[in-house]
1. For Lys130 and Lys189, compute 0.36 nm times the residue count separating them, minus their Cα-Cα distance, and round to one decimal in nm.
2. Taking the Cα centre of segment 54-185 as the origin, how large is its charge dipole in debye, to the nearest 20, when only Lys and Arg (+1) and Asp and Glu (-1) carry charge on their Cβ atoms?
3. At 1.4 Å probe size, with the rest of the protein present, what percent of the exposed accessible area of the chain is carbon and sulfur atoms?
4. Test of the criteria: in segment 119-199, which chymotrypsin sites (Phe, Trp or Tyr not before Pro) are in a DSSP loop and have at most 13 other Cβ atoms within 10 angstrom of their Cβ?
5. Local charge sum around Asp85 (other residues, Cβ-Cβ under 10 Å, Lys/Arg +1, Asp/Glu -1)?
6. With springs only between Cα atoms under 10 Å, which of Asn135, Asn46, Asn117 fluctuates most in a Gaussian network model of the chain?
7. Looking at the chain as a GNM with Cα springs under 10 Å, which of Val171, Val153, Val142 has the largest mean-square fluctuation?
8. For Asp30, what is the net charge nearby, where nearby means another residue's Cβ is under 15 Å from its Cβ and Lys, Arg count +1, Asp, Glu -1?
Amino acid sequence: MGKVIEDVVIPAEGTWTRVMAPGEVLRIVDLEGKQAVDFLCYNAKNPEERYNAADTMKYAKTIFLTKGHGIYSDMGNKLFTIVDDTCGRHDTIGGCCSAESNEFRYGVKGTPGCRANFLKALAPYGLGKKDIVANLNWFMNVPVEPDGAMAIVDGVSKPGDHVDLRADMDVLAVISNCPQTRNPCNGWKPTPIRVVVSE
Ligand SMILES: [Zn+2]
């Protein structure tokens, strides 16, 4: 990695954003393991262009992204390239948690969630509900069975596992360190992550 320009620990339930220049690398470290990290990204110069899950999966020819795969926008442009991945299992289809979906799924009201986190993190950039799209989840394990069944199951990330994402254009990167406690996506106990940006 090049010169470090940001190195922070994001607590459980925390958020993080940064506008990154092409060539900069974002390392996300799952400090304690089994921690889902919800992730969105946008063209920083025109946020109407943003991550497109379906196109990213089609180009990768898999739902399981790892080293070498690109993260693509809805305009066919590469926002990031995954240049390192020590975990090997991330989610492209499960989306983010929210107070509303927690009430629907688990019958609990008023819980923290990644959707509220995304809204809080996007607000300073003038972005809101219309700008939240199906997101990526680093370190979240959502296998799909041959009959099409899918579920959020125990994560496989070990303490210290990381992904490195190289920006391929001017990007706005947005993280919600998932606060979910009602399914195994965070090992039932949300924990901190570390974010390192280098040149
Ligand atoms: Zn979440």
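1. Numbers: separation 59, 0.36 × 59 = 21.24 nm, distance 3.00 nm.
Stretched out fully, the Lys130 to Lys189 stretch lengthens by 18.2 nm.
2. Values: 14 positive and 15 negative charges, 58 e Å.
In debye, rounded to 20, segment 54-185 gives about 280.
3. Working: 4660 of 8740 Å².
That fraction is 53 percent.
4. Numbers: sites: Tyr125, Trp138, Phe139, Trp188; in loops: Phe139, Trp188.
Answer in residue order: Trp188.
5. Working: positive: Lys67, Arg89; negative: Asp84, Asp161, Asp164.
Every neighbour counted, the sum reads -1.
6. Asn46
7. Fluctuation is largest for Val153.
8. Summing Lys/Arg as +1 and Asp/Glu as -1 gives -2.
The values are calculated or read from the model by the stated rules, or taken from the named source; none is laboratory data. Just so it is clear, the model here is predicted, and its values are computed rather than measured. When we count neighbours, we look across all protein chains shown, and the Cβ atoms used for this are built from the backbone with ideal geometry, even at glycine. Areas reflect the complete protein model, heavy atoms only, side chains present, ligands, DNA and RNA absent. Shrake-Rupley method; radii C 1.70, N 1.55, O 1.52, S 1.80 Å.
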